[in-house]
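*Asks:* Take this structure first; my questions come after.
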Amino acid sequence: MKLVVANHKMNLDIDDIHEYLRKLKEVKNKVVILPTDIYLPYFINENYTVGIQDIYCKDFGSYTGEVSPYQAKKLGVKYAMIGHSERRRYFDEENDFIHKKVKAAVKNGLTVLLCVGEREHERDNVFDILKKQLSVIDETENIIVSYEPVWSIGNGHIPSNDEIKKVVKFIKSCYNVKVLYGGSVNEHNIATLNEINELDGFLIGSAALDPDRLLKILEVTD
Ligand code: PGA
């Protein structure tokens with residue numbers, strides 16, 4: 001059984017969330033939901049493992065708008081995603097800052113979902129890019145890496161299984177970690193992607209916004 005992580009990003013309103021919870025009531029599969037922060041409490045104590053889409057690097061303080069790993073852990077959050085390409089791109093997050101966040105999350109007992117991946121124009125140097133992004137890992141315990149080629153997120157273009165395999169093997173040769181794949185995973189391509197034995201799971205964005213689509217995906221990965 002592979003791990004499935006559903007990244008809601010900044011989507012769904014409160015009515016959608018109630019419908020989502022209702023439809024996924026019976027899910028027993030290994031699924032981690034990353035809702036928008038304000039909906040976190042709705043998913044805690046339900047049958048899901050809950051993660052946060054981003055986290056700050058301090059436990060408390062005057063950091064308006066941020067959520068700390070201490071606060072998240074105390075609420076019942078188990079996973080913290082860090083370094084998503086949208087954080088890197090729209091919020092200028094770089095490896096030094098990401099490193100601080102990873103350290104703070106691990107210190108507070110959260111499992112880190114560290115997102116790495118090359119942009120379209122970096123495809124020829126993918127291993128160099130990944131090496132730099134992976135260098136924020138000090139200890140591999142409590143780290144899961146999610147390989148998300150930026151050129152594949154949200155647009156239906158996915159690498160071949162062989163290309164993904166090569167990257168997963170590379171990451172695992174550098175660090176003893178579990179590796180997920182993310183980028184345009186959906187109910188139509190999941191069966192093919194699920195054939196990659198080296199993969200430990202999937203990070204899913206748009207297809208996980210619809211509970212029916214997510215359930216179809218979970219049937220395959222179970
Ligand atoms: P996508 O998003 O599945 O919509 O491509 C994945 C992600 O950005 O986590």
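The values are calculated or read from the model by the stated rules, or taken from the named source; none is laboratory data. Note that this is a predicted model, so its numbers are computed, not measured. We place every Cβ from the backbone using ideal geometry, glycine too, and count neighbours over all the protein chains shown. These accessible areas exclude ligands, DNA and RNA; they are computed on the full protein's heavy atoms, side chains included. Shrake-Rupley method; radii C 1.70, N 1.55, O 1.52, S 1.80 Å.
*Asks:* What is the mean projected area of the alpha carbon convex hull for region 40-144, to one decimal in square nanometres?
*Replies:* 7.4
*Asks:* So what's the back-of-envelope 222 nm ellipticity for the chain, counting only DSSP H runs of four-plus at -39500 (n - 2.57) apiece and dividing by all residues, rounded to 500?
*Replies:* Helix-only estimate at 222 nm: -10000 deg cm²/dmol.
*Asks:* Which order do peptides 49-57, 67-75 fall in by mean Cβ count within 10 Å, highest first?
*Replies:* 49-57, 67-75
*Asks:* Turning to a different aspect of this structure: Using a cut-off of 13 Å between alpha-carbon atoms, which aspartates and glutamates can reach Lys169, once sequence neighbours fewer than 8 places away in the same chain are excluded?
*Replies:* Partners within reach: Glu198, Asp200.
*Asks:* So, one more: Along the positive direction of the dipole of region 82-184 (beta-carbon charges: Lys, Arg +1; Asp, Glu -1; about the Cα centre), which of Val112, Gln133, Val168 reaches farthest?
*Replies:* So the residue furthest toward the plus end is Val112.
*Asks:* Explain nothing, just the number: dipole magnitude of the chain about its Cα centre with +1 on each Lys and Arg Cβ and -1 on each Asp and Glu Cβ, in debye rounded to the nearest 20.
*Replies:* 600
*Asks:* What are the ³J(HN,Hα) values, in whole Hz, obtained from phi via the Karplus relation 6.51 cos²θ - 1.76 cosθ + 1.60 with θ = phi - 60°, for each residue of region 43-54 in sequence order, with x given for Gly and Pro?
*Replies:* Result, ordered by residue: 9, 5, 6, 8, 8, 10, 8, 10, x, 10, 6, 6 Hz.
*Asks:* OK, next. Identify all lysines with a Cα-Cα distance to Lys25 below 29 Å; exclude those on the same chain that are fewer than 8 residues away in sequence.
*Replies:* Once the sequence-local lysines are set aside, what remains near Lys25 is Lys2, Lys9, Lys73, Lys74, Lys78, Lys178, Lys216.
*Asks:* Follow-up question, since we're still on this one. If you take the alpha carbon radius of gyration of region 37-91 and divide it by 2.2 N^0.38 Å, what ratio comes out, to two decimals?
*Replies:* Rounded to two decimals, the normalised Rg is 1.16.
*Asks:* Using the Cβ atoms and a cut-off under 14 Å, what net charge is assigned to the surroundings of Pro69, where Lys and Arg are +1 and Asp and Glu are -1?
*Replies:* Combined, the nearby Lys, Arg, Asp and Glu give +4.
*Asks:* Then there is this: What value does the chain have for Rg/Rh, both radii from Cα atoms and Rh as Kirkwood defines it?
*Replies:* 0.94
*Asks:* List the GluC sites (Glu not before Pro) in region 160-204 that DSSP assigns to loop (not H, G, I, E or B) and whose Cβ has at most 10 other Cβ atoms within 10 Å. Which are they?
*Replies:* Glu195
*Asks:* Hey, any idea what % of region 1-48's accessible area is carbon plus sulfur with a 1.4 Å probe?
*Replies:* Carbon and sulfur: 52 percent of the exposed surface of region 1-48.
*Asks:* Could you pull out the GluC sites (Glu not before Pro) across region 42-112 that fall in loop regions by DSSP (anything but H, G, I, E, B) with no more than 14 other Cβ atoms inside 10 Å?
*Replies:* Here the GluC sites (Glu not before Pro) that fit, given the DSSP loop and packing criteria, are Glu46, Glu66, Glu94.
*Asks:* Using only the Cα atoms of region 118-222, what do you get for the radius of gyration and for Dmax, in Å?
*Replies:* When restricted to Cα atoms, region 118-222 yields Rg and Dmax of 13.7, 38 Å.
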